[in-house]
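Here the structure comes first, spelled out in C-alpha cells, and everything after it is commentary.
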Amino acid sequence: MAGESWGRVAEDGTVFVKTKDGERAVGQWPDAKPEEALAFYTRRYDALAFEVELLEQRVQAGTVSPDDARAAVKKVNSSLEDAQAVGDLDGLKARLEALTPLLAVQREKRKAERAAKVEEARAAKTKIATEAETIAAGTDWRHGVTRLRELLDEWKALPRLDKASDDELWHRFSSARTTYTRHRKQHFAELSSKREEAATVKERLAAEAEALSSNTDWGPTSGRFRELMRQWKAAGPAPREVDDKLWARFRAAQDTFFGARDAIQAEENAEQTQNLAAKEALLVEIEAILPVNDAKTARDQLRDLLDRWDAIGKVPRDSMRAIDARLRAVEQAVKSAEDEVWNKSNPEARARAEATVKQLQSLIADLEKQAAKYEAQGNTRKATEARESIEARREWLTQAQNALDEFS
C-alpha cells in the first residue's frame, strides 16, 4: 500500500506518519487490521492533497485574489502541522510554499491593474465633471437633464479614487448638476410666465377676431385680421391645451370672415367678368370715332358712349389697366382735335400771328433799305450781311404767314 511508505501501525494499533523530523503518531485503531488503519489515514491524506491541488489550480488560474489565496495557504498549511493523516505531508507543505512567489507576482500584477483602473476612473470622472460643467453653462433644457442622469449612472459604475481626488471631482460634478437644475427651473418658470401672458394676449385676439368675423367692410377688416395674425405670432406659445383651443376660436373666426368675403368676391368677379365683356364690346364703338374729322361731333358721340361706359360698372382689377388705356387713347385724340379747333379760333393767338407777320414784313423792308444804302456806298461786306439777314427773315415770315393762314 502507498501508505506503508509514509507510515506504520504499531502492535497496540497506534498509527504513525513519517516526516522529515521523524515519526509522529496520528491516531490509534486497536481493533482494526494494520492495512485498514493505514488505509483510513491515507484517505485523510488524499483529502488534504486534493485541497492543496485545488488551491494550486485556483491560484495558477487567477480565480482567487492573492490575499484570499494567501489566507487559504496559511489555513491549509496550519492544518498540515498536526494533520491526522498518513502521506507525504512535507511534500504538501513544499507545494504550498511554492505558491508564495506566484502569489507575490499576482499581488503586484493586481496592484498595477488596480492602479491602472484608478487612473482610468480618474480620467473618466474628470471627463464626466467637465461634460457636466459644459452642460450647466448651456441652455439645452430638453437633452441636458437626460445626459446628466446618464453621467450620474456612469459615475456610480466607476470605482472610488483616493478621498481627496474623489471628493474634488464629485464637488465639480455635483455643483454642475445643481447649477443646471437651478437654471433649468428658472427657465421653465419664466417660460410658464410668458405662456400665461401669451394666453391672455391670445384670448383678447380670439375675442376680437370673433367680433370681426361678421364685418362686411372687407378691405379694412382684412387688414385688421392680418395685423391680428402678426400679433398672434409675436405673442409666442401659450400652454398647449389652452393654445389649441384659442387657435381653434381664432381660426374659426378667420374662416367665417374670409369665407363670407370670398363668396361676395366670387359674385363680384362673375359680375365684373360680364362687365369686362360689355366694356370690350363698347370699346369697339368708341374706337370707331377715330380718326376725328369733326371735333364737336366726336365729343358728342364720346360723351354718350362714356355714359354707357360708366353705367356698366367695375371690371376685374387685372384687366382694368388695358381697357382704360384704350379708352384714354380715344379721349386724348378727341381732346387733341378740340385743342386744334380752339387754337385756330383763338382771337388772341390770331392777333399774335398777325403781329408777328407785320413785324417781320417791316423788318425786311428796313433791311432792304440798308442793303441798298450799303451797295450805293460800295460797302460790299455790309450789303452782303444785310442780304443774308433778309433771307433769314423771309423764311421766318413764310412760317409766320402759314401759321396765320391756319386761322382763316
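Suppose the filter is open to solvent by less than 60 Å² (accessible area, probe 1.4 Å) and modelled with pLDDT under 85; does ALA353 pass it? Against the criterion (open to solvent by less than 60 Å² (accessible area, probe 1.4 Å) and modelled with pLDDT under 85), ALA353 qualifies. Within region 159-181, the set of residues being assigned to a loop (DSSP other than H, G, I, E, B) and of a type in the set (A, V, I, L, M) comprises just one member, LEU161. Does ARG142 qualify as being modelled with pLDDT under 90, open to solvent by 80 Å² or more (accessible area, probe 1.4 Å) and within 30 Å of LEU191 (Cβ to Cβ)? The answer is yes for ARG142. In region 197-224, the residues that are under 21 Å from GLN265 (Cα atoms) reach residues that are of a type outside the set (A, V, I, L, M) and outside any helix (DSSP H, G or I) with C-beta atoms within less than 6 angstrom, at least six apart or across chains, in these pairs: THR221/ASN215.
Within region 120-145, being over 15 Å from THR179 (Cα atoms) and within 24 Å of the chain's Cα centre (by Cα) holds for ARG142, HIS143. In this structure, is LYS156 surrounded by 13 or more Cβ atoms within 10 Å (Cβ to Cβ) and in a helix (DSSP H, G or I)? In short, no.
Taking each residue of region 236-247 that is of a type outside the set (Ser, Thr, Tyr) and looking for partners that are outside any helix (DSSP H, G or I) and open to solvent by 40 Å² or more (accessible area, probe 1.4 Å) with beta-carbon atoms closer than 7 Å, six or more apart or interchain, yields ASP243/PRO237. What are the residue pairs meeting all of these: first residue in region 174-193, first residue touching a residue at least 40 places away in the same chain (Cβ under 8 Å) and polar (S, T, N, Q), second residue open to solvent by less than 60 Å² (accessible area, probe 1.4 Å) and part of a helix (DSSP H, G or I), Cβ atoms under 6 Å, and 6 or more apart or on different chains? Going by the 6 Å Cβ cut-off, the qualifying pairs are THR179/ALA136.
So is ALA85 at pLDDT 85 or above and touching a Leu at 6+ places or on another chain (Cβ under 9 Å) or not? In short, yes. When region 36-59 is limited to residues that are surrounded by 13 or more Cβ atoms within 10 Å (Cβ to Cβ) and farther than 17 Å from LYS93 by Cβ, the one that is nearest to the chain's Cα centre (by Cα) turns out to be ARG58.
The sole residue among ALA136, ALA129 that is closer than 18 Å to VAL118 by Cα, among the small types (Gly, Ala, Ser) and part of a helix (DSSP H, G or I) is ALA129. Of all residues assigned to region 318-338, none qualifies as being outside any helix (DSSP H, G or I), surrounded by 12 or more Cβ atoms within 10 Å (Cβ to Cβ) and among the charged types (D, E, K, R).
Looking at region 388-408, which of its residues are farther than 30 Å from TRP342 by Cα and surrounded by 15 or more Cβ atoms within 10 Å (Cβ to Cβ)? Passing the criteria: SER389, ILE390.
Just one of the listed residues (ALA199, ALA238) is within 29 Å of the chain's Cα centre (by Cα), at pLDDT below 90 and crowded, with 16+ Cβ neighbours inside 10 Å, and it is ALA238. Selection of region 267-276 for residues being open to solvent by less than 60 Å² (accessible area, probe 1.4 Å) and either in contact (Cβ under 8 Å) with a residue 12 or more places away in the chain or within 15 Å of ARG326 (Cβ to Cβ) (or both) yields GLN272, ASN275, LEU276. One residue stands out in region 208-225 among those that are crowded, with 16+ Cβ neighbours inside 10 Å and of a type in the set (S, T, N, Q): the one that is farthest from ALA263 (Cα to Cα), namely THR221. Scan region 69-84 and give yes if some residue there is open to solvent by less than 40 Å² (accessible area, probe 1.4 Å), in a strand (DSSP E or B) and over 29 Å from GLU108 (Cα atoms), otherwise no. Checked against the condition, which is being open to solvent by less than 40 Å² (accessible area, probe 1.4 Å), in a strand (DSSP E or B) and over 29 Å from GLU108 (Cα atoms), region 69-84 yields no hits at all. Within region 92-99, can one find any residue that is open to solvent by less than 80 Å² (accessible area, probe 1.4 Å) and closer than 18 Å to ARG8 by Cβ? Checking region 92-99: not a single residue is open to solvent by less than 80 Å² (accessible area, probe 1.4 Å) and closer than 18 Å to ARG8 by Cβ.
The values are calculated or read from the model by the stated rules, or taken from the named source; none is laboratory data. From a predicted model like this one, the values you see are computed outputs, not experimental measurements. Here the Cβ is made from the backbone with ideal geometry for all residues, glycine too, and neighbour counts use every protein chain on show. Just the protein is used for accessible areas: all its heavy atoms, side chains included, with ligands, DNA and RNA removed. Shrake-Rupley method; radii C 1.70, N 1.55, O 1.52, S 1.80 Å.
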